[in-house]
Every structure is written in structure tokens, then in C-alpha cells.
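One structure below.
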Amino acid sequence: MLATGRVLQNKNSKSQTDVHGDPVGLRSGSALLVPGDPAPYETVNTGGAARVLLVCDHASRAIPATLANLGLPDAALDRHIACDLGAGDLTRSLAQSLDAPAVLAGFSRLVVDCNRALDDPTAFLAVSDGDIVPGNRDLDVAAKALREQEIYWPYHQAIEAQLDEYRLNGLTPALIAIHSFTPFYDRQARPWEIGVLWDKDPRIPVQLIHRLRDSGVVVGDNKPYSGKHPADFTIDHHGEEAGLPCVSIEIRQDLVRSAEGVAQWARLLGKVLADILADDDLYRPRDRENLI
Ligand SMILES: [Zn+2]
């Protein structure tokens with residue numbers, strides 16, 4: 001049970017309720033989510049013993065029924081523009097191998113990108129990788145506010161509630177975000193199997209890079225994206241601002257396309273991360289001023 005009193009959704013349950021006993025996202029006055037839509041977030045293994053919370057901002061390709069696929073054909077929603085292919089399954093599998101809780105976003109990044117500050121121009125993309133998103137053109141303040149209230153904030157509040165669970169027990173948790181990237185970009189093959197994205201806190205990422213390379217993995221150090229990019233939100237907001245040991249892990253999508261691939265990479269990442277997370281010295285909140 002969480003400190004907020006919120007009853008979190010079972011992975012297979014649609015009947016998530018909030019402190020008022022109302023279905024989350026379906027409170028009176030809800031104008032966006034309707035019965036049949038997924039919940040704004042999914043939690044997995046909330047009783048997990050590991051001192052790390054896994055999060056997956058881009059786990060889902062779901063679009064609220066009221067938004068009618070944002071005017072996109074179904075084929076577009078199967079592409080990486082709708083979600084990080086394989087990332088949700090990898091997160092769920094890693095939650096099991098690490099015995100860690102996980103929070104996964106319930107809706108597509110095209111509805112609202114949960115890894116952006118809301119005032120970031122890419123939070124509501126009208127064009128994504130060349131595809132026009134008709135349902136995001138000329139979005140007014142009220143339309144954005146609905147997505148923020150019913151999808152974005154419930155997801156981020158769920159992350160914070162899980163982190164609070166650790167803190168209430170006197171523990172400092174680690175925070176790890178899972179993403180995936182396309183094998184090709186701009187016709188260039190991306191050689192990295194895993195990207196380790198980090199900014200000021202080297203505690204997990206530097207060890208992770210070394211240990212993965214020792215295991216024969218082709219690792220991108222802040223590639224194909226950089227953790228220093230100012231647009232990132234989830235790790236910066238929940239992790240770095242609180243001084244938690246944190247990292248973003250990007251996996252190449254072709255490696256986690258099958259259940260076997262997901263299981264294989266979850267095993268490897270789980271083993272490497274478990275070794276790193278076993279160090280008690282890791283779990284000290286850092287003063288942001290002392291970060292290198
Ligand atoms: Zn992502």
C-alpha cells in the first residue's frame with residue numbers, strides 16, 4: 001500500500017482506483033479517458049525487495065478512445081514514433097529479474113510525452129519523424145490540460161509515490177529509466193546495443209558502462225542520445241533533483257523484438273545491475289553541488 005493511499009493497478013486490472021475510490025482518470029468531470037481505456041500508468045511488482053525503481057516513459061502505444069488515434073493510421077501506431085518498441089516488456093522482465101518495482105506509462109508519447117517538461121515544445125508533437133500527427137495540430141490550452149491532468153501527472157505522481165515508499169522506510173532508492181532506440185537513424189546504422197545516458201551523477205552509469213563492456217556488449221556512453229540533453233524530464237526531475245543514484249538505459253529495438261530477446265537482455269542487465277546495486281555506499285543522497 002502506498003503512502004498516498006492510492007490503490008495501484010494490478011498489471012492485468014483495469015479497475016484502478018484513487019484515494020476517493022473513483023477509477024483513476026475517470027473522476028467526475030473527466031473528458032478524456034473513458035471506460036475501456038487503459039489506466040494512465042501500470043505498476044509491476046510493487047512489493048519488490050530491490051532498492052531501485054524502474055520507470056518506462058514510452059512503454060505504451062495506446063491512445064485514448066476519445067482522441068481517435070490522433071488521426072493516424074493503425075500502421076503509424078506500430079512504429080517507434082508511438083512508443084519505444086520492446087522497452088515495456090524489457091522493463092517488466094527486468095522488474096522480475098531484479099525483484100524491483102516498476103512504473104510504466106499507460107499511453108503513447110504522442111498523446112503527451114512523459115519524458116518532457118510540459119512547456120517543452122516537443123511535449124505534444126505535431127510532427128514525429130516525418131509523420132504529421134493530425135490530432136496534435138493546433139492543440140489549445142484546454143486540450144493540453146486534459147492530457148496533463150489525466151495522463152501525465154498521474155504517471156509522475158505514481159513514480160513519486162513509489163519513491164516515497166522507500167523514503168518512508170528510511171531508504172534511498174536508485175532510479176533507472178528504460179528506453180529503446182531504432183537500429184537506423186537518418187539511414188545510418190547505430191552500432192550500439194545499449195546506450196547508457198547520464199549527466200552529473202556517475203555512480204551507476206560509469207560502472208554500468210564498464211561492466212557491460214566487460215561482458216562484450218557494445219555500449220554507447222551517452223549515445224545515441226545524451227543524458228545531458230536538457231529536454232529529458234523523468235530522470236532529471238525524480239532522480240537528479242533528489243540526489244538519487246540514477247541512469248537511463250537505451251536498448252536497440254531489434255534486440256528486444258522477441259520474447260527470447262527480452263528475456264536474454266533482462267537476464268544480462270539484471271545480473272550487471274544487481275552487482276552494482278548491491279553496494280550499500282550507493283544509496284546515499286548526493287548533494288547536487290557535489291556532483292561532478
Ligand atoms: Zn524513450
Item to check | Fraction of the pair-distance distribution of the range 159-251 above 17 Å, Cα-Cα pairs, percent | outcome: 51
Checklist entry - In angstroms, what radius of gyration and Dmax does the chain have, counting Cα atoms only? => result 18.3, 54
Checklist entry - Count of lysine pairs in the chain with Cα atoms under 30 Å apart, counting only pairs 8 or more residues apart in sequence or on different chains? => result 9
Checklist entry - Given labels modelled 7 Å from the Cα in the Cβ direction, how far is it in nm from D254 to D186? => result 2.0
Item to check | Förster radius 35 Å - calculated FRET efficiency between R213 and A65, Cβ distance, rounded to 0.05 | outcome: 0.20
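Give me the Kirkwood hydrodynamic radius of the range 198-281 in Å, from all C-alpha pairs, to one decimal place? Numbers along the way, then the final one.
Values: mean 1/r = 0.0722 Å⁻¹.
Kirkwood radius, the range 198-281: 13.8 Å.
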Next on the checklist: Given R₀ = 30 Å, what would the calculated FRET efficiency be for D275 paired with D129, taking r from the Cβ atoms and rounding to 0.05?
Outcome noted: 0.25
Item to check | Signed unit charges on C-beta, dipole axis of the range 41-290, positive-most listed residue A105, P134, L85 | outcome: L85
Checklist entry - Once label points are set 7 Å from the Cα along Cα→Cβ at both R286 and D119, what is their separation, rounded to one decimal in nm? => result 2.7
Checklist entry - In terms of modelled amide H atoms, which long-range or inter-chain residues lie less than 5 Å from the amide H of S248? => result A177, L197
Item to check | Rounded to the nearest 20 debye, dipole of the chain from Cβ charges on Lys, Arg, Asp, Glu | outcome: 460
Checklist entry - Ranked highest first by average number of other Cβ atoms within 10 Å, how do 235-241, 152-158 line up? => result 152-158, 235-241
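By DSSP, what percent of the beta bridges with both residues in the chain are antiparallel, rounded to the nearest 5?
45
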Checklist entry - For K223 and V141, what does the FRET efficiency come to when R0 = 41 Å and r is the distance between their Cβ atoms, rounded to the nearest 0.05? => result 0.65
Next on the checklist: Give me the Å³ per residue figure for the convex hull around the C-alpha atoms of the range 34-110.
Outcome noted: 78
Item to check | Estimated [θ] at 222 nm from DSSP helical runs (n ≥ 4, -39500 (n - 2.57)) normalised by residues in the chain, nearest 500 | outcome: -7500 deg cm²/dmol
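Computed from the coordinates by the stated procedures, all read-outs in this text should not be read as laboratory data. What you see is a predicted model; the values in this text were computed from it and never measured. Note that each Cβ is placed from the backbone with ideal geometry, even for glycine, and that neighbours are counted across all protein chains shown.
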